[in-house]
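Below: one structure, written as structure tokens.
The values are calculated or read from the model by the stated rules, or taken from the named source; none is laboratory data. These numbers were taken from a predicted model, which means no experiment stands behind them. Please note: Cβ atoms are built from the backbone with ideal geometry, for glycine as well, and neighbour counts cover all protein chains shown.
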Amino acid sequence: MSWADDHLKDDFTIHSYTTGKDGNVTSTRHVRAGRPEEDVVKVPDPRIIARTSTLFGTDGEVRAQWVIEKPEDAQRLAQWRAVVEELTAKIPVRPLIPMPEQIATDDLLIAYPIGDEHLGMLAWKYEVGESNDIDIAEATLTQAMTYLVNAAPTALRAIIPVLGDFTHYDSFDSVTPTNRNLLDSDGRAPKMISAAIRLLENVVELAAQKHHGVHVILELGNHDPYTSMVLARLLQRIYQDNPRITVDINPSHFHYYEFGKILIGTHHGHGKAAKPAQLPGIMAADRREAWGRTEHHYWYTGHIHVQTVYEFPSCSVESFRIMPPGDAYLFNEGYRAKRDMKALILHREHGEVGRLLVNPAMLRRT
């Protein structure tokens, strides 16, 4: 046996050995045996660790340990934990909303299209003429919805198409998801998500206090394709015990709603498939039977922040204005569009028969 064999500590073990021609062991290779768990220094979270190095003394005790983290993963994990905490804080199911006492007509449907809200966008009045942040946006949209609900006819049903880009960005970085253009943002992602959940609850429940049935659609925008899907499923969970409130969780970029002789399609308005001239054909292909049994066909879109209406045979395509002001990028690019929110009054036999409008200046006066 070698000198090493006579002086090995108990915590060493043979890893391999070599024998001569006569069969006797000529050399051995020793490694330290696995140590009991209590003797090893613990690392904080293996998901954010690149590698660790441990120094043992001659007595087998741990003398030092180096833990090399991946800083970007540590930050990302902390941010996701904050988002999860914010989301789970809102998970409890909402209580039933009392049925409206007033008699409602089944002949009318009220649509409350919400244009690109861009919640989380920051604007400075000295740069763009009017300030905007999360608190201002939340208060403005809540006041606008309150105004329109109070002014709308007492219809049995309502639909709330959220036409995409409800939030300004889609991750912890305030950039556009596809091209990663830098955005002016207010606060942090958890703050934006918290406000988005609260604001959607306010909008939905304002409608539910007036209308017996409320249907919600959240379109996938180019600023918030992931967040909008999460918010739709969260709303469905929140109102799962409220049969008067339904939420469309289809992850498609195209959604539909049928009422009497009316067929409504919704889409954010971005992408090659969103050209106005293509949308009537897409509706006819996606909803062949509904297209045939209905007479009034409407597309509601957002994305461009201005009002446009295209009339095609048997179908109109309309984009809606928005309530928040433009940010520095839009302002410096020369955009000066009017801002408003509308409630559309639709008759099950005759299609759209009227509309209501509110703009930010009206809310400031009231």
Report summary line: Of L344, L330, the only residue that is modelled with pLDDT under 95 and either within 25 Å of the chain's Cα centre (by Cα) or not acidic (D, E) (or both) is L330
Requested in this report: Could you look through region 261-291, keep only residues that are of a type in the set (V, I, T) and under 25 Å from the mean Cα position of the chain (by Cα), and pick out the one that is nearest to Y335 (Cα to Cα)?
Outcome: T266
Requested in this report: Find the residue count for region 292-308, including only residues that are touching a residue at least 40 places away in the same chain (Cβ under 8 Å) and either more than 24 Å from the chain's Cα centre (by Cα) or part of a loop (DSSP other than H, G, I, E, B) (or both).
Outcome: 6
Report summary line: Out of (1) in a helix (DSSP H, G or I); (2) buried (at least 16 other Cβ atoms within 10 Å of the Cβ); (3) of a type outside the set (S, T, N, Q); (4) touching a residue at least 60 places away in the same chain (Cβ under 8 Å), the one H211 does not meet is (1)
**Report entry** Cross-chain or 6+ apart pairs with Cβ under 6 Å, region 180-203 first and in contact (Cβ under 8 Å) with a residue 40 or more places away in the chain and assigned to a loop (DSSP other than H, G, I, E, B), then charged (D, E, K, R) and surrounded by 15 or more Cβ atoms within 10 Å (Cβ to Cβ)
**Finding:** D184/D327; D186/D133
Requested in this report: Could you run through region 312-331 and say how many residues are among the small types (G, A, S) and farther than 20 Å from A290 by Cα?
Outcome: 3
Query raised in the report: Which of the residues spanning region 185-199 are surrounded by fewer than 20 Cβ atoms within 10 Å (Cβ to Cβ) and farther than 24 Å from I217 by Cα?
Result: G187, R188
Report summary line: Only one of N179, N202 is touching a Ser or Thr at 6+ places or on another chain (Cβ under 7 Å) and either crowded, with 22+ Cβ neighbours inside 10 Å or closer than 22 Å to H118 by Cβ (or both), namely N202
**Report entry** Neighbours by Cβ (under 6 Å, 6+ apart or cross-chain): first from region 309-329, more than 30 Å from I134 (Cβ to Cβ) and crowded, with 23+ Cβ neighbours inside 10 Å; second of a type in the set (A, V, I, L, M, F, W, C) and modelled with pLDDT of 95 or more
**Finding:** V317/L279; V317/W299
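For T301, are the conditions met, namely being of a type in the set (S, T, Y), crowded, with 22+ Cβ neighbours inside 10 Å and more than 24 Å from A195 (Cβ to Cβ)?
yes
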